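The values are calculated or read from the model by the stated rules, or taken from the named source; none is laboratory data. Given the structure is predicted, the values throughout are model-derived calculations rather than measurements. Please note: Cβ atoms are built from the backbone with ideal geometry, for glycine as well, and neighbour counts cover all protein chains shown. With ligands, DNA and RNA removed, areas are computed over all heavy atoms of the protein, side chains included. Shrake-Rupley method; radii C 1.70, N 1.55, O 1.52, S 1.80 Å.
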Amino acid sequence: MNAAVLTPPDIRARKGGEPLVCLTAYTTPVAKLVDPYCDVVLVGDSVGMVLHGLPSTVPVSLDMMVLHGQAVRRGLSRALMVVDLPFGSYEESPAQAFRSAARLLGETEAGAVKLEGGVAMADTIRFLNLRGVPVMAHIGLTPQAVNQFGGYKVQGRGDQATLVRQDAVAVAEAGAFAVVLEKVTDPLARDITADLKIPTIGIGASPACDGQILVVDDVLGLFTDFKPRFAKRYAELGRMADAAIAAYRDDVRARRFPGEEHVFGDAPRTKA
Ligand code: KIV
């Protein structure tokens with residue numbers, strides 16, 4: 001392993017310090033783009049919706065995570081790479097979770113796995129942690145449970161706050177090195193951040209979290225099927241791509257492309 005690669009203990013040690021910068025990546029070129037700026041790069045199961053056009057993360061398989069994890073690995077030299085355990089690959093038992101996590105770590109060289117769930121997953125997190133698998137937990141809105149939630153709803157309002165707090169404490173006590181808080185209300189995410197000894201990473205949560213994570217295609221304006229309120233767009237690459245492809249079509253139809261510089265004559269030129 002490259003000596004400069006960030007590790008789970010490095011991320012854990014950033015509690016209360018400079019905010020952790022985290023993004024998803026699913027391919028080598030995007031991993032290369034985000035690596036210099038990120039502390040954590042997540043190969044999220046959002047890959048199913050963002051790159052494969054699936055309706056949710058539920059149908060994502062372990063094979064898909066391995067393939068995208070291997071691609072991302074080739075593009076990283078500094079950030080900690082975390083790979084999501086997909087739905088169905090870990091919930092049955094700690095042993096099942098270990099088998100899936102061992103495959104992800106072994107075949108992708110990720111530094112850690114992420115799994116969704118709080119109190120219900122605490123024993124599994126403990127089991128993995130004791131066997132050399134660093135775990136990032138994910139609580140609040142857990143998209144793999146979208147069918148149970150009945151949609152991508154804000155978590156932690158009213159009586160629900162106690163449950164989210166219990167989840168946060170449970171994953172921290174079980175040994176998770178960080179926890180993602182998704183769509184948890186701001187006052188609650190702020191309180192949990194103050195209470196826990198491990199970093200919280202917010203997505204639609206609070207600026208008080210120890211770090212933030214977004215889906216890179218949302219940040220770049222490439223995923224436009226829908227736009228969650230929490231996803232700030234920093235570029236409009238989708239619109240730029242549309243204009244570029246339309247210009248290519250116009251050039252082809254008008255025989256402006258290929259130009260002289262793109263074709264090959266009989267006499268060799270200096271540049272191939
Ligand atoms: O799959 C994903 O992209 C996630 C988020 C936390 C960004 O889990």
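Brief remarks follow.
- Residue count for segment 151-191, restricted to those that are part of a helix (DSSP H, G or I) and either within 16 Å of the ligand (Cβ to nearest atom) or among the small types (Gly, Ala, Ser) (or both): 9
- Residue count for segment 51-60, restricted to those that are within 14 Å of the ligand (Cβ to nearest atom) and open to solvent by 10 Å² or more (accessible area, probe 1.4 Å): 6
- All positions within segment 1-43 that are over 19 Å from Gln70 (Cβ atoms) and either without any contact (Cβ under 8 Å) to a residue 60 or more places away in the chain or of a type in the set (Ser, Thr, Tyr) (or both): Ala3, Thr7, Ala13, Glu18, Pro36, Tyr37
- Checked against (1) over 18 Å from the mean Cα position of the chain (by Cα); (2) open to solvent by 20 Å² or more (accessible area, probe 1.4 Å); (3) not hydrophobic (A, V, I, L, M, F, W, C), Gln212 passes all but a single condition, namely (1).
- Test: Asp186 is open to solvent by less than 80 Å² (accessible area, probe 1.4 Å), closer than 13 Å to Gly140 by Cα and without any contact (Cβ under 8 Å) to a residue 24 or more places away in the chain: yes
- Criterion violated by Ala205 - all others in (1) away from the ligand (no atom under 12 Å from the Cβ); (2) in a loop (DSSP other than H, G, I, E, B) satisfied: (1)
- Among the residues listed as Val113, Val72, Val82, the single one being crowded, with 16+ Cβ neighbours inside 10 Å and in a helix (DSSP H, G or I): Val72
- The lone exception for Ser93 - which of (1) in contact with a Leu (Cβ under 9 Å, 6 or more places away or on another chain); (2) without any contact (Cβ under 8 Å) to a residue 40 or more places away in the chain; (3) open to solvent by less than 40 Å² (accessible area, probe 1.4 Å) it fails: (1)
- Only one of Asp63, Asp84 that is within 16 Å of the chain's Cα centre (by Cα) and acidic (Asp, Glu): Asp84
- Filtered residue count, segment 28-50, keeping only those that are within 15 Å of the ligand (Cβ to nearest atom) and surrounded by fewer than 16 Cβ atoms within 10 Å (Cβ to Cβ): 0
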